[in-house]
Amino acid sequence: MSITVEEKLGVNKYFVDEGNAHIEIDPAYPDMKEKMKLVNACPAGLYKLNENETLSFDYAGCLECGTCRILCLGTVVKKWEFPEGTMGVEFRYG
Ligand code: SF4
């Protein structure tokens, strides 16, 4: 029996810091190529392109991989930090 990526991600636990987004973006950044890098590269699929070509983003399911930081810090991504203390993702493999 094979397991999908979504099923694997679904077993992780996320401790979301509701009062402090560890990643902030400019959802209306004008360069579509920059926005599409994020839509295509985030392994958790957290960047979505809206019909009006703005981005939707929810840091709650972040895997803390740093891909969006490498690709777009200084353009679409305005802030990238690890979550504080005990917050963030807890990977569960079993
Ligand atoms: S750090 Fe990784 S998982 Fe988190 S939003 Fe950026 S690309 Fe997605």
Checking Leu71 against (1) assigned to a helix (DSSP H, G or I); (2) modelled with pLDDT under 95, the condition it does not meet
(2)
Residues satisfying the stated conditions in the stretch 1-52, i.e. of a type in the set (S, T, N, Q), open to solvent by less than 60 Å² (accessible area, probe 1.4 Å) and more than 15 Å from Gly88 (Cβ to Cβ):
Asn50
Only one of these is modelled with pLDDT of 95 or more and away from the ligand (no atom under 12 Å from the Cβ): Ala41, Ala28. Name it.
Ala28
State whether one or more residues within the stretch 56-66 are open to solvent by less than 70 Å² (accessible area, probe 1.4 Å), more than 9 Å from the ligand (Cβ to nearest atom) and either touching a Gly at 6+ places or on another chain (Cβ under 7 Å) or not charged (D, E, K, R) (or both).
yes
Would you mind telling me which numbered condition in (1) more than 9 Å from the ligand (Cβ to nearest atom); (2) touching a residue at least 24 places away in the same chain (Cβ under 8 Å) Met36 fails?
(2)
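The values are calculated or read from the model by the stated rules, or taken from the named source; none is laboratory data. In this text, all values refer to a predicted model and were calculated from it rather than measured experimentally. Methodologically, a virtual Cβ is constructed for each residue, glycine included, from the backbone with ideal geometry; neighbour enumeration extends over all protein chains shown. SASA here: full protein model, heavy atoms, side chains in, ligands and nucleic acids out. Shrake-Rupley method; radii C 1.70, N 1.55, O 1.52, S 1.80 Å.
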